[in-house]
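S.K.: Dropping a structure here in structure tokens format, bear with me for questions.
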There are 2 protein chains.
Amino acid sequence: MKLITRNTDYALRALCYMSKHQDIISVDELVNKLGVPRPFMRKILQRLNQERILASYKGQGGGFKLKLKPDRIYMIQIMRIFQGNVGLNGCFLKKGICPDKVRCVLRKKIHAIEDSVFRQLGKINIVSLI
Amino acid sequence: MKLITRNTDYALRALCYMSKHQDIISVDELVNKLGVPRPFMRKILQRLNQERILASYKGQGGGFKLKLKPDRIYMIQIMRIFQGNVGLNGCFLKKGICPDKVRCVLRKKIHAIEDSVFRQLGKINIVSLI
DNA sequence: ACAAATGATACTAATATGGTATCATTAATT
DNA sequence: AATTAATGATACCATATTAGTATCATTTGT
């Protein structure tokens, strides 16, 4: 039950760093500060750019910059980007084991717990991580 | 963030079934009722036997039987058996990224959420799943 | 023109999960 | 005592996910 993966972890760290230094920051700087493998960090930042959480600047002196305010970037959002739409794996529905999907008690319990996790994650933004 | 894996799922289903039919039950019966692959089901039951949740009976007419009362078997216990000591992956400590382990905010938040998950899981026993 | 940056994309490695296969052991039945 | 139907133990294989690398194209400041 690994709550977050390395992707997410590194992304959050990068975002925290960037929210403290709100100018254009190169991959190199982040790599040096955070100790994350360079190509992996790049991949993560590129993704955050595609998702419009960062803006990117090519060419000499280029890098990345926060596009959103740190209090508008939520942890759950980052998790969804790197870990998919978390919590929707229908492990109990496979092979028709669960005779009554709606009622299946186990399923309902799990969902309730997942929901509580989401609510808690939904409250955490980058500001609250600094 | 898959909360439970197939192992756990199948184990819980088997335990639920067995708590409704409290005699010796063979792998074959469980396989037929639950539609789980036979060798996989065996492996799971053998493990539950090793963990002293089930008792096993060899030879003709043999099988497995609950060793504990259903209200004494907790979901969290089954998860720990099949998914390891859940929640203790030190993903943030790797490579010394986290400068101050005690204070690391992200880590603390994650732990708080995990704790709440454990509390909720700690309340669910086999009886509450039937 | 050149160098320093990201964009895009394909590939590889490691780990975890899900599942099989096989032979040994036990015990009821005959 | 032999047979048979069950589990015990263990090693193996397959698939999916996660983590990370490599490479070439594109952009832009100097």
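S.K.: Of the residues B:GLY59, B:GLY35, B:GLY84, which exhibits the maximal mean-square fluctuation in a Gaussian network model of chain B defined by a 10 Å Cα contact cut-off?
M.R.: The residue with the greatest mean-square fluctuation here is B:GLY59.
S.K.: If I build a Gaussian network model for chain B, linking alpha-carbon pairs within less than 10 angstrom, which residue out of B:TYR74, B:TYR17, B:TYR57 has the largest mean-square fluctuation?
M.R.: B:TYR57
S.K.: Still on this structure: Sort region A:6-129 into rounded, prolate or oblate with this rule: let a ≥ b ≥ c be the square roots of the eigenvalues of the Cα gyration tensor; rounded if a/c is under 1.5, and if a/c is not under 1.5, prolate when a/b is larger than b/c, oblate otherwise.
M.R.: Because a/c hits 1.5 or more and a/b exceeds b/c, region A:6-129 counts as prolate.
S.K.: Aspartates and glutamates within cross-link reach of A:LYS20: Cα-Cα under 16 Å, excluding same-chain residues under 8 positions apart?
M.R.: Within the straight-line limit of under 16 Å, A:LYS20 reaches these aspartates and glutamates: A:GLU29, A:ASP71.
S.K.: Using Cα-only point scatterers and the Debye equation, what is log10 of I(q)/I(0) for the protein assembly as shown at each q in 0.09, 0.11, 0.14 Å⁻¹, rounded to two decimals?
M.R.: So the normalised log intensities are -0.52, -0.70, -0.94.
S.K.: Sticking with this one: How much net charge surrounds B:ASN7 when only the other residues with a Cβ under 10 Å from the Cβ of B:ASN7 are counted, with Lys and Arg +1 and Asp and Glu -1?
M.R.: For residues surrounding B:ASN7, the net value is +2.
S.K.: Within a Cβ distance under 15 Å of A:SER56, other residues only, what is the Lys/Arg minus Asp/Glu net charge?
M.R.: Around A:SER56, the surrounding residues sum to +3.
S.K.: To one decimal in nm, how far is B:ARG38 from the same spot in the other copies, if labels go 7 Å from Cα toward Cβ? Please give the shortest first.
M.R.: 5.6
S.K.: Could you please rank A:PHE118, B:PHE64, placing first whichever residue has the fewest other Cβ atoms within 10 Å of its Cβ?
M.R.: A:PHE118, B:PHE64
S.K.: Mind putting a number on the dipole of region A:34-87 about its Cα centre? Charges go on the C-beta only, +1 for Lys and Arg and -1 for Asp and Glu, and I need it in Debye to the nearest 20.
M.R.: 160
S.K.: Run through the other copies and list how far each one's label point is from that of B:GLU51, in nm with one decimal, shortest first; the point sits 7 Å from Cα along Cα-Cβ.
M.R.: 3.3
S.K.: In sequence order, what are the phi-derived ³J(HN,Hα) couplings for region A:31-41 according to the Karplus relation 6.51 cos²θ - 1.76 cosθ + 1.60 with θ = phi - 60°, rounded to whole Hz, with x for glycine and proline?
M.R.: Coupling constants for region A:31-41: 4, 5, 6, 9, x, 9, x, 3, x, 6, 4 Hz.
S.K.: Taking the Cα atoms only, what angle lies between the long axis of helix B:105-122 and the longest principal axis of chain B, rounded to 10 degrees?
M.R.: Value to nearest ten degrees: 20.
S.K.: What is the sum of charges, Lys and Arg at +1 and Asp and Glu at -1, for the other residues whose Cβ falls under 11 Å from the Cβ of A:ILE126?
M.R.: Values: positive: A:ARG13, A:LYS20, A:LYS69, A:ARG72; negative: A:ASP71.
Overall, the nearby charge balance is +3.
S.K.: Can you list the copy-to-copy distances for B:SER26, using a point 7 angstrom from Cα toward Cβ, in nanometres, shortest first?
M.R.: For B:SER26, the inter-copy label distances come out at 7.1 nm.
S.K.: Given a Förster radius of 25 Å and the C-beta distance between A:LYS108 and B:LYS33 as r, what FRET efficiency does 1/(1 + (r/R0)^6) yield to the nearest 0.05?
M.R.: Here the calculated transfer efficiency is 0.75.
S.K.: Dipole size in debye (nearest 20) for the protein assembly as shown around its Cα centre, Lys and Arg Cβ +1, Asp and Glu Cβ -1?
M.R.: Here the size comes out at about 120 debye.
Just so you know, all these numbers are worked out from the coordinates, no wet-lab data involved. Just so you know, these numbers come straight off a predicted model, no measurement behind them. So basically every Cβ, Gly included, is an ideal-geometry build from the backbone, and we count neighbours across all protein chains shown.
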